[in-house]
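Structure first, then comments.
The values are calculated or read from the model by the stated rules, or taken from the named source; none is laboratory data. Quantities reported herein were computed from a predicted structural model and do not represent experimental measurements. Methodologically, a virtual Cβ is constructed for each residue, glycine included, from the backbone with ideal geometry; neighbour enumeration extends over all protein chains shown. Please note that ligands, DNA and RNA were not included when accessible areas were found on the heavy atoms of the full protein model with its side chains. Shrake-Rupley method; radii C 1.70, N 1.55, O 1.52, S 1.80 Å.
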Amino acid sequence: MSAKIIPVADHRYLNAVPMIPASLEPATGLLADTLARPLRDLRISVTDRCNFRCVYCMPKETFGKDYAFLPQTSLLSFEEITRIARLFVAHGVEKIRLTGGEPLLRKHVEKLVAMLSALKTPDGRALDLTLTTNGSLLARKAQALKDAGLNRVTVSLDSLDDATFKRMNDVDFPVSEVLNGIEAAHRAGLGPVKVNMVVKGGMNDQEIVPMARHFKGSPAILRFIEYMDVGASNGWKMDEVIPSAEVVRRINAVMPLEEIEPNYTGETAARWRYRDGGGEIGLISSVTQAFCHDCTRARLSTEGKLYTCLFANSGNDLRALLRGGRSDEEISGAIAHLWRARGDRYSELRTINTNGMTAVVKRVEMSYIGG
Ligand code: SF4
């Protein structure tokens, strides 16, 4: 029987306890980082567990049956998550996205949605509260999430062909269940539902046009995501990336497209619409058209570590401050200090070496901080 890996105090990633600024300032006010990017979006991972093993995110080789996921005690409670979120909102966050792992695996996640949906921006506006899911549990939970105050969902779906989809999620999960979840979310009023397809060359790129055809004319917005070198375990290679320009070329050849303006500054997806009025698609091109210059996103791991980039290799332990009895002013001061010092722009600086890969440094896993 192979030994079970039990992490001691979660030392899997290098993390520092953030500094509390000597002079504390009010726990409110907009923040800008060293590239003048405001803090606008907070992505909160509510679990590191998932019921899928997507090859580009949580490959079975790393996240096998002996992988030791975080013990419940190390996860932030809903009260702790809400307190931290409130401090971020006071500093300008207007959009909160719940992620994972698979967030719907976190028990009673609707309660957290209700707590977060009660938060208001300093000028009294409601937050834009969204959630990214693999759709496996969505058909059952959509209405409860809506009733709790969730605004929208984004559902990951990498193929319509069952065999291809099962190769991508690596747990034999059928497409039909995810499509049922998308339908249920739409019926519950969690739209426009965004559908995210990660395109991996040689694995599901043949599905680009069938997916576009399926969602064209539907209320859902399909987005194509370039395969990324996230984390340190998906064996990423540049020659498996299908550039967004190629995705557009393939679709445009059969269903003419035109590019349109973004909805807002910092939107990750470039927008294209069908010339015949059949709706729009999105392209998220972190590899070939990096968008770090407008990146307004902070990420909170499920145990309270703050990351200022998806490709970071170290975080900052806000949980230690929370559980160390620090005041709101002190924690808010630490958040302000961290964001002001931020200079991340990994995708703009990504260097691909001679064998078409990027240096494998201990980057944080996407399943740990959410996409
Ligand atoms: S690579 Fe980092 S800085 Fe650039 S867009 Fe992604 S999360 Fe933002």
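Things worth noting here:
- Relative contact order for the chain: 24 percent, from Cα pairs under 8 Å spaced at least 6 residues apart, divided by residue count.
- Accessible surface, per residue, of the chain when the full set of protein chains is kept, probe 1.4 Å, Å²: 42
- Principal-axis tilt of helix 328-340 within the chain, Cα atoms, nearest 10 degrees: 50
- Overall form of segment 26-87 per C-alpha gyration tensor (a/c, 1.5; a/b vs b/c): oblate
- Charge dipole of segment 9-369 about the Cα centre (unit charges at C-beta), most positive-ward option of S233, L190, M366: L190
- Shape call, the chain: gyration tensor on alpha carbons, a/c limit 1.5: rounded
- Nearest 10 degrees, 0 to 90: helix 175-188 Cα axis against the chain principal axis: 60
- Estimated [θ] at 222 nm from DSSP helical runs (n ≥ 4, -39500 (n - 2.57)) normalised by residues in the chain, nearest 500: -7500 deg cm²/dmol
- Whichever aspartates and glutamates have a C-alpha closer than 16 Å to that of K95, once near sequence neighbours (fewer than 8 apart) are set aside: D41, D123, D128, E267, D294
- Angle in degrees between helix 78-90 and the longest Cα principal axis of the chain, rounded to the nearest 10: 90
- Which listed pairs, of K120/K194; K216/K362; K65/K146; K65/K305; K60/K111; K60/K146, have C-alpha distances above 28 Å, in listed order: K216/K362; K65/K146; K60/K111; K60/K146
- Portion, in percent, of the accessible area of segment 141-191 that falls on carbon or sulfur, probe 1.4 Å: 46
- Neighbourhood charge, 11 Å Cβ-Cβ cut-off, centred on V109 and excluding it, Lys, Arg +1 and Asp, Glu -1: +2
- Under the convention that each Lys and Arg Cβ holds +1 and each Asp and Glu Cβ holds -1, the size of the dipole of the chain around its Cα centre is about 480 debye.
- Ranked by the mean number of other Cβ atoms within 10 Å of their residues, highest first, the peptides 48-56, 221-229 fall in the order 221-229, 48-56.
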